[in-house]
């Protein structure tokens, strides 16, 4: 009787183990299925190049930078150009570009060590340089002198110019026209001006860089108007996040419902990682989809054209 009871208990235990193992197997299969499905749906629908990100900013350039880069890659950003606005930031941008070879590149703009930094293989542009008569961080005469020297060096090295301009359109155009016959590629980054100003830049052969600030354009004949009217063609357009700034606030009341509805789940899932205080390169899909919504072009056309433009201007690859 004892033997029989023991055998029954043993059989019962074996049965329980089989049931548990089957449940465990089913659970593992379910987890695996979810992960495979996630891998399939997480594949970015396009390749993008962020031509301007301030990854040397303390809120991004920390021990979590690898997460920032991973999110950007998952979002479809295949290259990022880190902007150097001083000797210190340019050197730090160069260091970062060597931590992530063939993914991060940098610009150098400070005139003191500009030529030396510009000759580094990871340096793809002279800049950020230009004129800012809005905030006037330095006297306007000093800005004009420095910018012209930077343009001269860019012409000498045949290096793309990464331009910043605020309330200084006429002065900027005047300097650039002096070098029109030898001017290399140039992009007016984070453009927020009028359609007429955009047309002037385009007529001079320049490219236009747009960021997430597109959502808050208040001008009657501003960037949104220029896109709707086809004044800024796709073959002269570049995209950037200017992170950690220029967060694309697609929840803003002023943004038209039909525009909001065109932002895809793919873009939204990465935008959740960003905020007004800390925008990231992974927000670039939202920028591209906003441009598509305002211009009436397909997202694919915006993505393909802006990526090819960046490849051409900065001597990159899309791999």
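Can you find a residue in the range 121-140 that is part of a helix (DSSP H, G or I) and either in the same structural domain as residue 289 (by TED's automatic domain parsing) or at pLDDT 95 or above (or both)?
We begin by selecting, within the range 121-140, every residue part of a helix (DSSP H, G or I); these are 140.
Filter once more, so that each one left must be either in the same structural domain as residue 289 (by TED's automatic domain parsing) or at pLDDT 95 or above (or both): 140.
Yes, the conditions are met somewhere in the range 121-140.
What residue, among those in the range 265-288 that are part of a helix (DSSP H, G or I) and over 13 Å from the mean Cα position of the chain (by Cα), is nearest to residue 249 (Cα to Cα)?
Result: 268.
Which pairs do you get when a residue that is touching a residue at least 24 places away in the same chain (Cβ under 8 Å), found in the range 133-162, comes within reach of a residue that is loosely packed, with under 15 Cβ neighbours inside 10 Å and part of a helix (DSSP H, G or I), reach meaning Cβ atoms under 7 angstrom, with the pair 6+ apart or on two chains?
133/140; 153/115
Quick check on my filter: what residues within the range 111-126 are surrounded by fewer than 12 Cβ atoms within 10 Å (Cβ to Cβ) and touching a residue at least 24 places away in the same chain (Cβ under 8 Å)?
If the condition is that a residue be surrounded by fewer than 12 Cβ atoms within 10 Å (Cβ to Cβ) and touching a residue at least 24 places away in the same chain (Cβ under 8 Å), then 112, 119 are the ones that fit.
The values are calculated or read from the model by the stated rules, or taken from the named source; none is laboratory data. Please read all numbers here as calculations on a predicted model, not as lab measurements. Glycine gets a Cβ as well: all are built from the backbone with ideal geometry, and neighbour counts include every protein chain shown.
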